[in-house]
Amino acid sequence: MRKVLITGATSGFGKLLVDAFLANGDFVIATGRNLNSRKELFEIERVKYSRHFLEIDLDVTKPDEIQSAATLVLEKLGQLDIVINNAGFGLFGALEDIKEEEIRYQMEVNFFGTVAVTRAFLPMLRIAKGKIFNFSSVFGFMGFPLTSLYCASKFAVEGLTESLRGELAPHGVQVCLIEPGGYRTNFGKNLSWSLSDPSSIYALQMKNYQMVHEMFSKKKPQEPDEVSRGVLKLSKLKRLPMRKVFGQDGVLSYLMRTFIPSSLYFSILDFYYKKTFLRKI
Ligand SMILES: NC(=O)c1ccc[n+]([C@@H]2O[C@H](COP(=O)([O-])OP(=O)(O)OC[C@H]3O[C@@H](n4cnc5c(N)ncnc54)[C@H](OP(=O)(O)O)[C@@H]3O)[C@@H](O)[C@H]2O)c1
């Protein structure tokens, strides 16, 4: 039976991944923040899959929790086949307006969290010749105004993962980037909007960005379980692809970014940005 560890399992893609892998017959280690005070989250899984399921408190920014989790998995299961670095959140705002601690926390969770969890579990993954899935985003391959720190954190995850591909292949460990477009998880609700004060020169851009974001959240959502089902399917492949883009918007962005010459690509975006972000309200 495969042993699968998922970070950020308390919500959105993470929770759906827990259920998809459990239903597939895998042993799932669901990790998340403050699980002791959120017992209701896995009420069903705890009962239905009592012999296949382990919950571990794990804030990916806390080295002691990561280390204890690795020790516990080794002691209890002796093996780990798959790590899914899913925990993450978005920080949106103008670079000049975002506070230093917000910038560092974005990188702590999305990038350093992925690094630290990967390092802690690699010894076990090497023995199992296992697999690592790192959640990136369309914003891991395209920059976007007022989203620079989120994009930077996901671009960093992309660089990390692409580099690890060749580094770990000789040791039998495979890596894969998961690049979703926009899905209606709790991502929007948990977004950290670093709001500029009304006198900021970015105030109009921020207001427009929030309006566009709200408009998009009213559109017919893409179903997030297409991502969890997709990751499960990928996990069964003998050879993992380097990346997998999810969602129509994700695929369109990927095709534009990859196949349109850079100068034309940025001209199109500049036109869109001007129309969208500088519109007088
Ligand atoms: N939804 C989208 O449109 C979208 C698109 C592209 C990429 N993504 C990526 O997909 C991943 C999952 O996001 P989601 O859409 O499922 O959003 P979500 O519903 O907000 O879930 C995010 C998960 O990450 C956890 N998390 C945040 N900070 C953490 C920390 N320090 N330690 C441990 N867990 C932490 C949250 O835990 P709490 O419950 O404790 O807050 C939650 O379980 C993220 O990496 C995100 O960047 C999402």
Cut-off under 5 Å, modelled amide H: who pairs with Ser192 long-range: Gly90, Leu91, Phe92
Full-stretch length increase - Glu223, Glu43 - with 0.36 nm per residue and alpha-carbon distance subtracted: 62.5 nm
Spatial separation of Cα centroids for segment 113-161 and segment 172-198, in angstrom: 12 Å
Sequence-distant residues sharing a close amide H with Thr147 (under 5 Å, placed H): Gly93
Segment Leu191-Asn36, extension gain: residue separation times 0.36 nm, minus the distance between their alpha carbons: 53.4 nm
Helical segments meeting 18 Å axial Cα length and Kyte-Doolittle -1.0 threshold in the chain (DSSP H): 63-76, 113-128, 148-168, 203-218, 262-277
Share, in percent, of DSSP beta bridges within the chain that are antiparallel, nearest 5: 0 percent
13 Å beta-carbon shell around Phe277, net charge (K/R +1, D/E -1): +4
Sorted by Cβ density within 10 Å, fewest first, the residues Thr276, Thr147: Thr276, Thr147
Burial order of peptide ranges 13-23, 259-269, 114-124 (average beta-carbon count within 10 Å, highest first): 13-23, 114-124, 259-269
Ile56 long-range amide H proximity, modeled H, under 5 Å: Ala30, Thr31, Gly32
Low-density loop positions, trypsin sites (Lys or Arg not before Pro), segment 32-80 - DSSP coil, at most 15 other Cβ in 10 Å: Arg38, Arg51
³J(HN,Hα), Karplus 6.51/-1.76/1.60, whole Hz, each residue of segment 29-39, x for Gly, Pro: 9, 8, 10, x, 6, 6, 5, 4, 9, 10, 4
Residue-wise HN-Hα coupling along segment 239-247, computed from phi with Karplus coefficients 6.51, -1.76, 1.60 (Hz; x: Gly, Pro): 10, 7, x, 5, 8, 9, 8, 10, x
Asp64, Asp225, Asp26 arranged by Cβ crowding within 10 Å, fewest neighbours leading: Asp64, Asp225, Asp26
Burial ordering of Thr10, Thr258, Thr31, fewest other beta-carbon atoms within 10 Å first: Thr258, Thr10, Thr31
Over 27 Å between alpha carbons, listed pairs Lys76/Lys189; Lys3/Lys48; Lys62/Lys219; Lys3/Lys233; Lys99/Lys219: Lys76/Lys189; Lys62/Lys219; Lys99/Lys219
Cα→Cβ-extended label distance, 7 Å offset, between Met211 and Ala23, nm: 4.0 nm
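Bear in mind that the values in this text are calculations on the coordinates, not laboratory data. Keep in mind the model is a prediction, meaning the values are calculated, not measured. So basically every Cβ, Gly included, is an ideal-geometry build from the backbone, and we count neighbours across all protein chains shown.
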